[in-house]
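The values are calculated or read from the model by the stated rules, or taken from the named source; none is laboratory data. Quick caveat, the model's predicted, so the values are computed rather than measured. Note that we place each Cβ from the backbone using ideal geometry, even for glycine, and neighbour counts take in every protein chain shown. These accessible areas exclude ligands, DNA and RNA; they are computed on the full protein's heavy atoms, side chains included. Shrake-Rupley method; radii C 1.70, N 1.55, O 1.52, S 1.80 Å.
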Amino acid sequence: MTAPGQSGEYNDAREFWDQRYRAPEYIFGIEPNVFLAGQKKHFKRGDRILDVGCGEGRNSVWLAGLGCDVTGLDVSPLALDKARRLAAGQGVPVQFVETDVRDWTWEPTSFDAVVCVFIQFAEPKERARLFEGFVATLKAGGILVMQGYTPKQIEFKTGGPPRADHMYTTALLQSAFTGMEILHLREHEEVLAEGIKHVGRSALIDVVARKPVNKV
């Protein structure tokens, strides 16, 4: 696996997210994402889990509390400092890695689960490569758990980028994860209350998919 490159793009992303995470509070809260917590049955003690875009660590720390072996990736050192404090405060080990996930080398068939909650920063071509990486790094039988926004989120303005092409649709996710067993795929609206940044009615889409045991 690679350390982050020092390209201008990487530095721009780090500066953007550092500005957001510089706030003293945990801007997305310290409780796990509600949808993720509802998928607890898919995680067991000892599972290797990759939390992509882990931010301040709320989901990584919750997964580690289940006894999972968690690696959390994020581009912001300020976010990761807060994540490490959260993990230490709850007495759980998490490997936090500073990296732009667009530069990450996806170690083949290495993780029992990949978790990806609200990481809709990537351009469509970059997103396609990320999705390919998620599948590649899963072990056979591994689980992908994602939650993001649909294009209707532009109307609500309660989180996420103001760009419809960064949002997910049912058709997009079905196409991206062709060959995976789709266990759950749903578009819906909910009122979120996650810290100070995800607050209010939101247009959401969730997916849980399993990598076939005969797919490497």
Surface/4 of the Cα convex hull for the chain, nm²: 10.7
I want to verify the translational diffusion coefficient of the stretch 101-199 in µm²/s; compute it with Stokes-Einstein, Rh as the Kirkwood radius over Cα pairs, at 10 °C and 1.306 mPa s. 109
With the dipole of the stretch 130-216 defined by +1 on each Lys or Arg Cβ and -1 on each Asp or Glu Cβ, the option from Val191, Tyr168, Phe134 whose Cα lies farthest towards the positive pole is Phe134
Leaving out ligands, DNA and RNA, and with a 1.4 Å probe, what % of the accessible surface on the chain is carbon or sulfur? 52
So which of Lys152/Lys197; Lys44/Lys82; Lys41/Lys152; Lys82/Lys152; Lys82/Lys211; Lys44/Lys157 end up more than 27 Å apart by C-alpha? Lys41/Lys152; Lys82/Lys152; Lys82/Lys211; Lys44/Lys157
Under a cut-off of 20 Å between alpha-carbon atoms, report the aspartates and glutamates in cross-link reach of Lys139, not counting same-chain residues fewer than 8 places apart. Asp47, Asp51, Asp69, Glu107, Asp112, Glu181
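Accessible area per residue for the chain in Å², computed with a 1.4 Å probe and the full protein assembly in place, what is it?
For the chain, the per-residue accessible area is 46 Å².
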Classify the stretch 29-108: rounded, prolate or oblate, from the alpha-carbon gyration tensor (a ≥ b ≥ c, eigenvalue square roots; a/c under 1.5 rounded; otherwise prolate if a/b is larger than b/c)? oblate
Among all the aspartates and glutamates, which ones have a C-alpha under 13 Å from Lys125's C-alpha, if same-chain residues fewer than 8 places away are not counted? Asp165
What does the charge add up to near His198, with Lys and Arg as +1, Asp and Glu as -1, over the other residues with Cβ less than 15 Å from its Cβ? -2
Would you kindly find the accessible area of Tyr26, with a 1.4 Å probe and non-protein molecules such as ligands, DNA and RNA excluded, rounding to the nearest 10 Å²? 50
